Amino acid sequence: MLYVHRKYTCVLCQGWLSGSSFGHVGIGTTAPFSRLQLVTNGNNSTDGLSISSPTSGNVMVNPSVTAGAYNPLAQLGDSEMIFSAGSINTGAMVIGPWSSSSAGMRMTSNGNVGIGSDTPTAKLDVAGDLKVSGKYFGSKSGVGYVQPASWSYSIGGSGTVVGTFWSGNITVPQDSIIQVTLNGHWEVTANACYISIGIDDVSVDYPCSVSDTSCWGWSHTYSTLWESIAHNGYAKITAGTHKLSVMGLTNTNTCYLNGARLSYMYFPQ
């Protein structure tokens, strides 16, 4: 039966609609508590509300569904809103204000969400500043270290020598900012020795010629004492495998680096 109550007038119809003296309309209930209330046949069902265009667009709202209903993310008893362009894995949905700019959020059929972006290329694509009040944990950020097999390494020779004490490779999953820290002890037999952190055989200290001493992060003049070294370097790197190294510059002497290792942290851009 279909009951429509307009104020205190009841009209008897066929169907499954009921109203109240307050102008409320209910579907599946004789006591609607809002202007329009729909009550499904039971819990964990998919006979909620469906709004469709004449051709393809469709939005479904279900208050309590079975596991996997229309989307594998749905768990038993979940409420869900499902969109499509008429078939599975199609369509997009926008939630936002009436605006002349790209204000709001758009979800595409592959599950990517854009905030201020109508073509999101990642699970979350934000066009603008992002502020996070809590901690950020990303599976594509990482920490680690590169440690040589031996305790002592040296470079040197006659004339100016630019060389690598030792190196190791790391792999990052996407474009990142990397910080690399060198810790250890070093000594030089005469004159001076310069040391820097290298990424893919390029000094991270300054963008100038490696034979120019102003490029190098630390210098060590001749001394019979070992000195501690702690040096940081930063760089932008692309996704893939990269070589981390300790680079040195000497001039007719031998430079020793002992008990050292490179520690690193990288964060996605």
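Points worth noting:
- Within the set Ile178, Ile155, the sole residue that is in a strand (DSSP E or B), modelled with pLDDT of 90 or more and in the same structural domain as Arg261 (by TED's automatic domain parsing) turns out to be Ile178.
- Test: residue in segment 135-147 that is farther than 19 Å from Phe267 by Cβ, assigned by TED's automatic domain parsing to the domain that holds Ala235 and not β-branched (Val, Ile, Thr): yes
- For beta carbons closer than 9 Å, sequence separation of 6+ or different chains, a first residue in segment 38-49 that is on the phi < 0 side of the Ramachandran plot and a second that is acidic (Asp, Glu) and surrounded by 15 or more Cβ atoms within 10 Å (Cβ to Cβ), the qualifying pairs are Thr46/Glu80; Gly48/Glu80.
- Looking only at segment 181-223, and only at residues there that are in a loop (DSSP other than H, G, I, E, B) and of a type in the set (A, V, I, L, M, F, W, C), the one that is modelled with the lowest pLDDT: Cys208
- Residue ranges of strands (runs of 3 or more DSSP E) in segment 23-87 with at least 1 members crowded, with 16+ Cβ neighbours inside 10 Å and modelled with pLDDT of 90 or more: 58-62, 80-84
- Residue count for segment 233-257, restricted to those that are surrounded by fewer than 17 Cβ atoms within 10 Å (Cβ to Cβ) and either more than 25 Å from the chain's Cα centre (by Cα) or touching a residue at least 60 places away in the same chain (Cβ under 8 Å) (or both): 8
The values are calculated or read from the model by the stated rules, or taken from the named source; none is laboratory data. On a predicted model such as this, the values are computed, not experimentally measured, just so you know. Using ideal geometry, Cβ is built from the backbone for each residue, glycine included, and neighbour counts are taken over all protein chains shown.
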